[in-house]
Amino acid sequence: MKRIAADGFLARTGGIWTREKLAYLKKYASAFMKAMGPKRSQGLWEQLVYIDLLAGPGRDIDAETNREFDGSPLIALAVRPKFDHLFLADKDPENIAALEARIPSEERNRVTLLRGDCNVLVENVLKRISARTLGLAFVDPQGFEVHFDTLAKMAKRRIDLLYLFPSGIGVRRNWRQAIGSPRSKLDKFWGDPDWRELPAVKQATGDTKNLTSDKILNSFVVAFRRKLVRAGFEFQDEAVPLFTNTKNAQMYHLLYFSHDPVGLKIWNGIKKIDPSGQYNFGLN
């Protein structure tokens, strides 16, 4: 849902889960740049870049409180030390117009703004970065518009990935609708038609056998994580707790992928502090 923000430009509405996912992004992007920024002068990396191909208008409004807050592209733009370059894109021309208006003039030389389908644009962006570039990609879909092949292409490059994985009520509803169709948008989302054999899908269609709900959910998320490891990401993890809506219904998992144990170490450190600032002593 769209609304007009106080600055007169388009904004996107969200809820508590929106602020939570952005809190993790801000913490990781800041820690990423503090750790990797000095390595540019040491010659390890030519550039450090941020990639957000579903960037939105750059501003969010809490649907219940009307509180406004920066979206993912403006959070990344404000990170210090600075990213050398940011690749920001969206399919919606209204989102692009609002985002462009919110980028300060002094920052525009380090931003490439693109309009189009993220699954098409990903190759365009990856061709623009060298083999000695380290990237951080934030992939935040509204539904199932991101193809597995898009993530697999990122897995072939030195990119850390934060992916908001739609594991909750939305995907279950779509499973029930798509299970009988020989072709489904979920085929591209999952990367192949094998999603039909997942325990979670069987649960949604009434074939639960002896599996508990926790085992069904975990098998779905773990299976996807393993697919991306096979695609090229060596290290992977997820945020805890899961993101839920105001009715406590599960909506998303925030998944983390990297090629480097240093990245995973950084992630494990920042995820121990939840979005409210509380320390989760039970997390590894």
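The values are calculated or read from the model by the stated rules, or taken from the named source; none is laboratory data. Just so it is clear, the structure is predicted and the values come from calculations on it, not from any experiment. In this analysis, Cβ positions are derived from the backbone assuming ideal geometry, glycine residues included, and neighbour counts consider all displayed protein chains.
Brief remarks follow.
- Filtering segment 173-194 for residues that are under 28 Å from Arg19 (Cβ atoms), modelled with pLDDT under 70 and not in a strand (DSSP E or B) leaves a non-empty set.
- When the test is whether a residue is closer than 21 Å to Ala98 by Cα and among the hydroxyl-bearing types (Ser, Thr, Tyr), Tyr50 passes it.
- The set of residues in segment 13-51 that are modelled with pLDDT of 95 or more, in a strand (DSSP E or B) and surrounded by 17 or more Cβ atoms within 10 Å (Cβ to Cβ) comprises Leu48, Val49, Tyr50, Ile51.
- Within segment 216-260, tally of residues that are over 14 Å from the mean Cα position of the chain (by Cα), at pLDDT 80 or above and of a type outside the set (A, V, I, L, M, F, W, C): 7
- Filtered by the rule that a residue be under 15 Å from the mean Cα position of the chain (by Cα) and closer than 26 Å to Lys265 by Cα, segment 31-73 gives Tyr50, Ile51, Asp52, Leu53, Gly71, Ser72, Pro73.
- Restricting attention to segment 125-140, the residues that are in contact with a strand residue (DSSP E or B) (Cβ under 8 Å, 6 or more places away or on another chain), assigned to a loop (DSSP other than H, G, I, E, B) and either surrounded by fewer than 17 Cβ atoms within 10 Å (Cβ to Cβ) or of a type in the set (S, T, N, Q) (or both) total 3.
- Among all positions in segment 83-100, there is no residue which is under 16 Å from Thr133 (Cβ atoms) and part of a helix (DSSP H, G or I).
- Remark: pairs (first residue in segment 113-138, within 23 Å of Lys185 (Cα to Cα); second residue polar (S, T, N, Q); Cβ separation under 6 Å; 6+ apart in sequence or on different chains) = Asn119/Thr150; Val122/Thr150; Phe138/Ser72.
- Matching residues, segment 32-87, being out of contact with any helix residue (DSSP H, G or I) (no Cβ under 7 Å at 6 or more places or on another chain) and hydrophobic (A, V, I, L, M, F, W, C): Met33, Met36, Leu44, Val49, Ile61, Ala63, Ala78
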